[in-house]
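Read through the structure below, which is laid out as structure tokens, and then see the notes.
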Amino acid sequence: MIKKCLFPVAGYGTRFLPATKSMPKEMMPVVNKPLIEYGVEEAIQAGMNGMCIVMGRGKHSIMDHFDKNYELEHQINGTNKEELLINIRKIINEANFTYIRQHEIKGLGHAILTGQALIGNEPFAVLLADDLCINKEKGILSQMVELYKQFHCSIIAVREVPKNEIHKYGIISGKNIKNRLYQVDSMLEKPEKSTESSNLAIIGRYILTPDIFSIINKTKPGKGGEIQITDALLYQAQSGCVLAYQFKGERFDCGNVEGYIEATNYCFKNIYLANK
Ligand code: UTP
């Protein structure tokens, strides 16, 4: 039902400099797999096969990663190293990758609007690859797709964060309509620490209905002079319905050093060693 997933990867990744000076943040490995590959696996697990990547300058290694490397593959053909490529070969066979360039870095809302040419007029997922989300039983996007089948409206992933960290996130508030599910009535992008608000923070997974494109088109630059997806979603929430879903699973903010190290330790122990 939801076949396409949009990956906005055009940002500069300034919190991880100097590593991200010439290397895309999304290509940083967690153990032995780049962040974006975890994201693509999550989307495939949720039944999607169209991976729509919103690119920026210097992000070509992402295209190369999801393509054949004849020289390398010829070189290791028939050796025991070949098994290290099983996963990525499967991804390349199962999914279609399309790319578009965001010429100016004008915010996540603008990046999503740039992806319209790849998405068309259908509901779609958005996945921010530096938010690494892991749940063994059922991936976060799979959980959200199930909800979409029931409610047919935009859904955003949220998670409780400590009150002293709300200034780093988009924060929602709304009516609790059932276990883990809220009908959003307000949303604030990176509120001041002192603001009286909930501590339900938006995490980088969204299911969006296609009317979001025309809403973003009309959205004026907000916080930081950027076109914020939270502003467009607030409009959508007030004129229709947006749900926030408190997902099951682990989440690591790999856009900063601490989160990235935590993710690496977690994946080494729970995925890499566990599967050895
Ligand atoms: P972030 O602000 O978290 O990522 O944007 P960033 O800008 O790359 O990193 P810092 O803050 O400078 O360290 C959230 C996501 O939106 C994408 C980013 O690539 C990231 O995945 N994004 C953001 C775009 O694709 N285009 C934009 O104009 C802004």
Item checked: Angle in degrees between helix 35-45 and the longest Cα principal axis of the chain, rounded to the nearest 10 -> 80
Margin query: Through the Karplus equation 6.51 cos²θ - 1.76 cosθ + 1.60, θ set to phi - 60°, convert the phi angles of the stretch 11-22 into ³J(HN,Hα) values in whole Hz; use x for Gly and Pro.
Written below: x, 8, x, 5, 5, 10, 5, x, 4, 9, 5, 10
Note to self: List the Cys residues of the chain that have no partner Cys with a C-beta closer than 4.7 Å.
What the structure shows: Cys5, Cys52, Cys133, Cys254, Cys267
Next item on the list: Report, to the nearest 10°, how far helix 229-239 tilts away from the longest principal axis of the Cα atoms in the chain, using its own Cα long axis and a range of 0 to 90°.
Entry: 50
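Taking 8 Å as the Cα distance limit and 6 or more residues as the minimum spacing, I'd like the relative contact order of the stretch 20-164 as a percentage. Provide the component values of the computation, followed by the final result.
Details: 114 pairs, mean separation 47.8, N = 145.
Here the relative contact order equals 33 percent.
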Notebook entry, point to check: Local charge sum around Arg159 (other residues, Cβ-Cβ under 14 Å, Lys/Arg +1, Asp/Glu -1)?
Noted result: +1
Next item on the list: Within the stretch 1-105, report the trypsin sites (Lys or Arg not before Pro) that DSSP leaves as loop and that have at most 13 other Cβ atoms within 10 Å.
Entry: Lys21, Arg57, Lys68
Note to self: I want the antiparallel fraction of DSSP beta bridges within the chain, as a percent rounded to 5.
What the structure shows: 60
Next item on the list: Send over the per residue convex hull volume for the chain, Cα only, as a whole number of Å³.
Entry: 134
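List the GluC sites (Glu not before Pro) within the stretch 172-213 that fall in a DSSP loop (any state other than H, G, I, E or B) and whose Cβ has at most 10 other Cβ atoms within 10 Å. Could the numbers behind the result be given before it?
Numbers: sites: Glu189, Glu192, Glu196; in loops: Glu192, Glu196.
Answer in residue order: Glu192, Glu196.
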Check: How big is the stretch 154-224 in terms of Cα radius of gyration and Dmax, in angstroms?
Finding: 12.9, 35
Margin query: Below 23 Å, Cα to Cα, which lysines can Lys276 reach? Residues fewer than 8 away in the same chain don't count.
Written below: Lys33, Lys81, Lys90, Lys136, Lys138
Check: By its C-alpha gyration tensor, with a ≥ b ≥ c as the square roots of the eigenvalues, how is the stretch 1-146 shaped: rounded for a/c under 1.5, else prolate for a/b larger than b/c, else oblate?
Finding: oblate
Margin query: Which of the three applies to the stretch 192-276, rounded, prolate or oblate, going by the alpha-carbon gyration tensor with a ≥ b ≥ c and a/c under 1.5 meaning rounded?
Written below: prolate
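For the chain, what does -39500 (n - 2.57) per DSSP helix run (n ≥ 4), summed and divided by total residues, give at 222 nm, in deg cm²/dmol to the nearest 500?
On the way: 10 runs with 85 residues, N = 276.
Helix contribution divided over all residues of the chain: -8500 deg cm²/dmol.
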Item checked: Cα centroid separation, the stretch 183-243 to the stretch 78-156 (Å) -> 20
Check: Using alpha-carbon pairs under 8 Å, 6+ residues apart, how would you state the relative contact order of the stretch 93-248 in percent?
Finding: 34
Check: Which FRET efficiency, nearest 0.05, do Ile76 and Asn179 yield, Cβ-Cβ r, R0 35 Å?
Finding: 0.15
Item checked: Shape category assigned to the stretch 102-168 from the gyration tensor of Cα positions, a/c cut at 1.5 -> oblate
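Values in this text are rule-based calculations from the coordinates and carry no lab data. The structure displayed is predicted, hence computed values, not measured ones. Note that we place each Cβ from the backbone using ideal geometry, even for glycine, and neighbour counts take in every protein chain shown.
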